[in-house]
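Q: One structure, as structure tokens, below. Some questions next.
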Amino acid sequence: MTIIHERPRAETTTSQGDDAAGALRAWVDQVAALTQPDHVVWCDGTDRERHEITQTLLDEGKLIRLNGEYRPGSYLARSDPADVARVESRTFICSKRREDAGPTNNWVEPGEMKRELIEHFDGAMRGRTMYVVPFSMGPVGGRLSKLGVELTDSAYVVLNMHIMTRVGSAALAQIDAGDDWVKALHSVGAPLIDEAGVRHDDVLWPSSPDKYISHFPEDREIWSFGSGYGGNALLGKKSFALRIASVIARDEGWLAEHMLLIKLTNPVGRTFHIAAAFPSACGKTNLAMLRSTLPGWSVETLGDDIAWLRQGEDGRLWAINPEAGFFGVAPGTAAATNPNAMETIWGNTVFTNAALTDDGDIWWEGMTKHAPEHLTDWTGASWKPGLGRPAAHPNARFTVAAAQCPSIADDWEAHDGVPLDAIVFGGRRASNVPLVVEARDWEHGVFIGATVASEQTAAAEGAVGELRRDPFAMLPFCGYNMADYWGHWLAVGERLGDRAPAVFNVNWFRKGEDGRFLWPGFGENIRVLKWIAERLEGEGAASESPLGLVPAAGALDLDGTDVTDSDLDALFAVDPAAWNAEADLTEQYFATFGDRVPAPLRRQLAQLRRRLG
Ligand code: GTP
Ligand code: MN
Ligand code: MN
């Protein structure tokens, strides 16, 4: 980096503004004194800056420029093989009291954690540049938006933050004007100058075996050390917009959720806004970009991963997508399954851990039916089909601006957000969970959300396929005690009253005895959305099941699919024995939260048992 953008002198006139600018500068100085970077660069979010950062990464060999004929303005990054996903075992919620972090989070006393982190951050940026990245989650100045500043020694992180958040002077001006902001400190933890003062060559993906993704909810601070990857390093995303924001939301009476956000339009032009929470790699990006197979029905994209929900003056729940881009799972993304995603990534995209074709484009498993004859795999090694290992990492990702999505809704940046009509929960369940169920009311909906279980995917470390509880798809992202979070959802529902969105549960992943998916999924999921919309209009027919309301016979539009009657039966089958066993597991799960589980949820469990008989 040759050009150092010095922070312009604050031009604010109010004393509050001077204080705010001073507080930011003092923090930057303090971190620089601790981490000892060669340079400090204040980011302005301009295209020029993005080009400079990109050029730096290209010069260092950390990005590969893709063939401009196929993928203009696009680049491939390859991570260290030990730094490919979120590290939940090294993610900490350091609230003052252990019980406020709850049994689902790793907890360390904040003073102790900061002492440990300061040792790691001491000199951590030697020989590197520290970037000061002011950003807004949500449109700058929006009613539900929040500000942050990430300090990072990774140019790759800056490049991704440029795409994923609103970086730059407008956010900085808001901070200077005195708005609250979140401190997000990040280092890859690989100084280029050692203790003896000797300078070392950089590696292509610097990182550290010692990783910490630490959150201090009371201080609204994030300290991330040792990883350069995704949710560990792009701190606006999981760390801020979910973990810290969920705590702010608890304190301020709103909700920060791991949800996609869409606008559904029916054939007479009525629109419905729907938010859906599925665990990582369970179909949010796909549903967010759904291309309808039903004439007259369409889906527009508002967000694919995170939604912030807040009651509006009209008493309804309003939602924004706080992000500006998509950090989507690459493998499985194909023209056949998610054409909108494929068209979104036509160019100006950063790919991480995808495979490289011999003519300079990217490829991953599932993109085409047959793999190219030869590739360079995500580790940089030569690859041919039949080697028995994937060419792209299963958690390979694309980073791309939301504005490039052909299905993006006109009002995706609306400052007040959109009013929500329905909330959908879901997971990856080979058995037991029906294709779609409607909750009887908000309280039942919270029970359904609280008891979501899903098969583990490659988005985090751990054994893929194992069933784990993932309440509200927030297990790795809730910044406080999960049982308190359920209580918060119940309290929000009480305030919403009859204005509350309807709640549903879906499962695209149920399998037949032969092991195949019973439901065609993807674009055909519009049929489930159609039934949901009809229910919202008071039209769609439903029948009672022990789990909630399911489509009455013939109410689910299956015209033109090859779903057989027996598939349909299997998709909605409720096995009381299996569900009683699940209820036992739920009781055990609730017990891990002790007496913090809200009474309404225990009541819901008892009612479920009664209905199961
Ligand atoms: P994060 O971005 O990690 O939070 O995950 P996500 O929820 O956005 O997951 P994504 O949409 O990227 O889906 C991940 C995987 O689910 C891919 O392998 C998809 O092919 C698969 N998938 C998505 N929708 C469907 C569906 O309707 N049916 C089936 N069978 N698979 C699906
Ligand atoms: Mn996610
Ligand atoms: Mn996604």
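Q: Quick check: Cα centre of the stretch 171-207 to Cα centre of the stretch 16-54, how many Å?
A: The stretch 171-207 and the stretch 16-54 have Cα centres spaced 10 Å from each other.
Q: Let me ask something else about it. Starting from the Cα-Cα distance between D47 and R611, subtract it from 0.36 nm times their residue separation and give me the gain in nm to one decimal. Could the numbers behind the result be given before it?
A: On the way: separation 564, 0.36 × 564 = 203.04 nm, distance 5.90 nm.
Going from the current span to full extension adds 197.1 nm.
Q: Here's a follow-up. Carbon and sulfur: what percent of the chain's accessible surface (1.4 Å probe)? Display every interim value, and only then the final one.
A: On the way: 11480 of 23090 Å².
C and S fraction of accessible area: 50 percent.
Q: Right, something else. Just how far, in whole angstrom, is the stretch 371-401 from the stretch 545-567 if you go by their alpha carbon centroids?
A: Centre-to-centre distance over Cα atoms comes out at 38 Å.
Q: Just order 41-51, 178-188, 277-287 by mean Cβ neighbour count inside 10 Å, highest at the front, would you?
A: Details: 41-51: 17.4, 178-188: 22.6, 277-287: 25.2.
Peptide ranking by packing, descending: 277-287, 178-188, 41-51.
Q: Would you mind classifying the stretch 344-452 by shape? Square roots of the alpha carbon gyration tensor eigenvalues, ordered a ≥ b ≥ c; an a/c under 1.5 is rounded, otherwise it is prolate if a/b is larger than b/c and oblate if not.
A: On the way: a/c = 3.54, a/b = 1.65, b/c = 2.15.
Here the stretch 344-452 falls in the oblate category.
Q: Between rounded, prolate and oblate, where does the stretch 78-229 land on the alpha carbon gyration tensor, with a ≥ b ≥ c its root eigenvalues, rounded for a/c under 1.5, else prolate if a/b exceeds b/c?
A: On the way: a/c = 1.74, a/b = 1.16, b/c = 1.50.
Judged from the Cα gyration tensor, the stretch 78-229 comes out oblate (a/c at least 1.5, b/c at or above a/b).
Q: Let me ask something else about it. Per residue, how many Å² of accessible area does the chain show with a 1.4 Å probe?
A: 38
Q: Still on this structure: Kindly work out what percent of the DSSP beta bridges joining two residues of the chain are antiparallel, to the nearest 5. Don't skip to the end; give the middle numbers.
A: Values: 63 of 96 bridges.
Around 65 percent of the beta bridges assigned by DSSP in the chain are antiparallel ones.
Q: Separate question: To the nearest 10 degrees, how steep is helix 15-35 against the longest Cα principal axis of the chain, on a 0 to 90 scale?
A: Taking the Cα atoms of the chain, the angle to 15-35 is about 80 degrees.
Q: If you line up the long axis of helix 155-164 against the longest principal axis of the chain, both from Cα atoms, how many degrees apart are they, to the nearest 10?
A: 40
Q: Here's something else I'd like to know. Count the net charge of all other residues whose Cβ sits under 11 Å from the Cβ of Q588, scoring Lys and Arg as +1 and Asp and Glu as -1. Write down the numbers at each step before the final one.
A: On the way: positive: R469; negative: E582, D584, E587.
Residues near Q588 contribute -2 overall.
Q: Which of rounded, prolate or oblate describes the stretch 192-332 when judged by the alpha-carbon gyration tensor and an a/c cut-off of 1.5? Kindly include the intermediate steps, with their values, before the conclusion.
A: Working: a/c = 3.97, a/b = 1.77, b/c = 2.25.
Here the stretch 192-332 falls in the oblate category.
The values are calculated or read from the model by the stated rules, or taken from the named source; none is laboratory data. Keep in mind that this is a model prediction, so the values were computed, not measured. Neighbour counts run over all protein chains shown; Cβ positions are idealised from the backbone, glycine included. Remember, those area values only see protein heavy atoms, side chains included, never the ligands or the DNA or RNA. Shrake-Rupley method; radii C 1.70, N 1.55, O 1.52, S 1.80 Å.
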